[in-house]
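Read through the structure below, which is laid out as structure tokens, and then see the notes.
Values in this text are rule-based calculations from the coordinates and carry no lab data. Please read these numbers as outputs of a predicted model, since none were measured by experiment. Here the Cβ positions follow ideal geometry from the backbone for every residue, glycine too, while neighbour counts run over all protein chains shown.
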Amino acid sequence: MKLKKQISLPLIKMFRNNFLSLLFFLLLFTSSCSHHQSDKNIFRYNEQSGIGTLDPAFAKNQSIMWAVHQIYNTLVQIDDNLNLVPSLAKSWDISADNLTFTFHLRNDVYFQDNPAFPNGKGRKMTATDVVYSFSRIMDKNTASSGAWIFNGRVDTTEPFKAIDDTTFQLKLLKPFHPILGVMSMQYCSVIPREVVEKYGKDFRRHPCGTGPFEMVAWEEGQALVLKKNPRYFEKDSAGTRLPYLDGIKVTFLQNKATEFLEFQQKRLDFVNEIDPSFKDEVLTKAGTLRKEWEGKIVLVKHPALTTEYLGFLCDSSLSIVKNSPLKDVRIRKAINYGFNRRKMILYIRNSIGIPAESGFIPAAFPSFDSSAVKGYHYDPAKALELLKEAGYPNGVGLPPIKLLTVPLYADLASYIANELQQIGITINVEVVQKSLLLEQTAQSEALFFRGSWIADYPDAENFLSVFYGKNPAPPNYTRYNNPGFDKLYEEALSEKNDSVRYSLYRQADQLMIKDAPVVPLWYDMVIWLVHPYVKNFIPNGLNLLELRRVKLEK
């Protein structure tokens, strides 16, 4: 007698779901050859640098953060104007001593379906999941690149606590109001223990969150496909469940010219950043679209939380500083006054960016006020006056100064060197690979170097931390140390009132900029090229890809 093989209902469901997921992936993957109907409500973008992991504990660069943001949620999130607003947490309270933050969680959030759950059905998220997610970041065995966000900041005995299913508590060692901004980082995404334990290190390829999209398939180096999460908790004002899109397809073309060609042929819905190789083809020097592109594509520009700068090593206890004219603040100020930032942005950057003539805090922050923080503008007469005061009239006797930069910014460094040569300051530009530059600045071996600071979270404290005397390198690559600055910085950390805190930020920024440990070059901008049929696609200062409300009207 033959035995009938019994196939359980969960197994049938799993086979069916896997088959549909595979079919969904194949349709999207082949759609790059032609504009298929199946691709109509799928948002497509390219990630030139690839995606190394989908584990939030390692969301250290933009490519990973963009993908993780689609799959996961955090307790709080930023809106289009960089305000912190609820996400998994409906609201929060702060204790009188600024040490305890109590978050009240939503009760209608479910993890995406995964074989790690009973019957493969995603369960409800609770405060215990938040405790697990945050503790995992700090666990040395995880080796998370985000451990720094909590280390030295949260309580050492019980930093995270689940009061009940919908109440989570975080305790600090000392006041640090920007912790709310930290909570919006992708590192702080909430994950389920069962899924992590099921897949172990391979969790990077098996993400499971509460976000608007869930993974279908990922062929590394080829494509990543996500589909709409049918149980996502957010709804629009009309009560329609988000997201509007059916899915997302990410390709990994390494060549920016090829990426632009794919965009032109409408195989990609937008392009992030305009590569120098074709910026003159697309943009005028004034930073507007050339006439041949008007009406065909949309140029989106938005101030970014990024400051591009040159840094001086300021630790006078180091021999390379002791023996350098750069230890004299007048020389550092002369360099700041000695070149035209506005002309540099116009001719080399096609007006992408805002000339940094204020402090180090970029223009995208609510606390930015160019009338309160006075920086440096082009004033060659003032530069010559400072050189004379320092004992180098017209630059006579001033030894050449070496500037370290990376290949991408070689033209900018050459421009600055040529401008400074006009007032007698000789700059020798040395182009090195990024890895070497990072190593030398971290080891305090670079006397004069090109730098870039991109916000980790939407609080200006993140930029001032670069100059806090008690911070090592990184982030304090210049080794700047001013007790007056440190006092203002520390005072701001415990200030709840935004307007008072912003005032303290501006005072600290002004004090630092007078000491000139850096040469702010420009405050960067988010630059997108987008097809006109993409609607509700709104940039933010962190350049975080927000797709929940995007619609494609093809």
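Points to keep in mind about this one:
- Whole-Hz ³J(HN,Hα) from phi, Karplus 6.51 cos²θ - 1.76 cosθ + 1.60, for the stretch 146-162, glycine and proline x: x, 4, 4, 5, 10, 4, x, 10, 9, 3, 7, 8, 9, x, 10, 8, 9
- Label point 7 Å beyond Cα of N536 along Cβ direction - residues of the stretch 78-117 with amide nitrogen under 19 Å: 78-82, 85-88
- K402 paired with W293, simple spin-label distance in nm, labels 7 Å along Cα-to-beta-carbon: 3.9 nm
- Cβ-based net charge around P178, under 12 Å, with every Lys or Arg adding one and every Asp or Glu removing one: -2
- Dipole of the stretch 304-524 [Lys/Arg +1, Asp/Glu -1 at C-beta], most positive-end residue of P380, M512, A413: P380
- Matching label, semi-axes √(5λ) of the Cα gyration tensor in Å computed from the structure shown, candidates [x] 45, 30, 20; [y] 38, 34, 24; [z] 120, 31, 27: [x]
- Additional length obtainable on full extension of the chain from T142 to E553, 0.36 nm per residue less Cα span: 143.7 nm
- With a Förster radius of 25 Å applied to the C-beta separation of K374 and K470, the computed FRET efficiency comes to 0.40.
- Cβ-derived FRET efficiency at R0 30 Å, N41 paired with D280, nearest 0.05: 0.30
- Crossing angle, helix 9-30 versus the chain [Cα axis fit, 0-90 degrees, rounded to tens]: 50 degrees
- The chain: relative contact order in percent, alpha carbon pairs under 8 Å with at least 6 residues between: 18 percent
- Since only S91, F463, Q222 are under comparison, the one whose Cα sits farthest along the positive direction of the charge dipole of the chain, derived from C-beta charges on Lys, Arg, Asp and Glu, is Q222.
- Helix 127-138 axis, angle to the chain major axis (alpha carbon atoms, nearest 10°): 40 degrees
- Per principal axis, descending, Cα span of the stretch 304-524 in whole Å: 51, 40, 36
- Cα-Cα over 19 Å, subset of K140/K201; K333/K382; K228/K249; K121/K201: K121/K201
- DSSP finds beta bridges in the chain, and of those with both partners inside it, around 85 percent are antiparallel.
- Gain upon complete extension [R241, E439; 0.36 nm per residue less C-alpha separation]: 66.5 nm
- Between the helical axis of 410-421 and the longest alpha-carbon principal axis of the chain there is an angle of about 20 degrees.
- For the stretch 469-554, the relative contact order works out to 19 percent when only alpha carbon pairs closer than 8 Å and six or more residues apart are counted.
- Fully extending the segment from D315 to V500, taken as 0.36 nm per residue of separation minus the present Cα-Cα distance, adds 63.5 nm.
- Computed on the stretch 60-140, the Cα convex hull volume stands at 151 Å³ per residue.
- Per-residue packing, averaged as other Cβ atoms within 10 Å, sorts the ranges 480-490, 193-203 into the order 480-490, 193-203, beginning with the highest.
- Note on Y110 and E273: with the Förster distance fixed at 56 Å, the Cβ-Cβ geometry gives a FRET efficiency of about 0.95.
- Taking only the alpha carbons of the stretch 379-441, we obtain Rg and Dmax values of 13.6, 38 Å in that order.
- Cβ-defined net charge surrounding R290, 10 Å radius [Lys, Arg +1; Asp, Glu -1]: -3
- Working ranking of peptides 515-526, 271-282 by packing, defined as the average number of other Cβ atoms within 10 Å per residue, highest first, is 515-526, 271-282.
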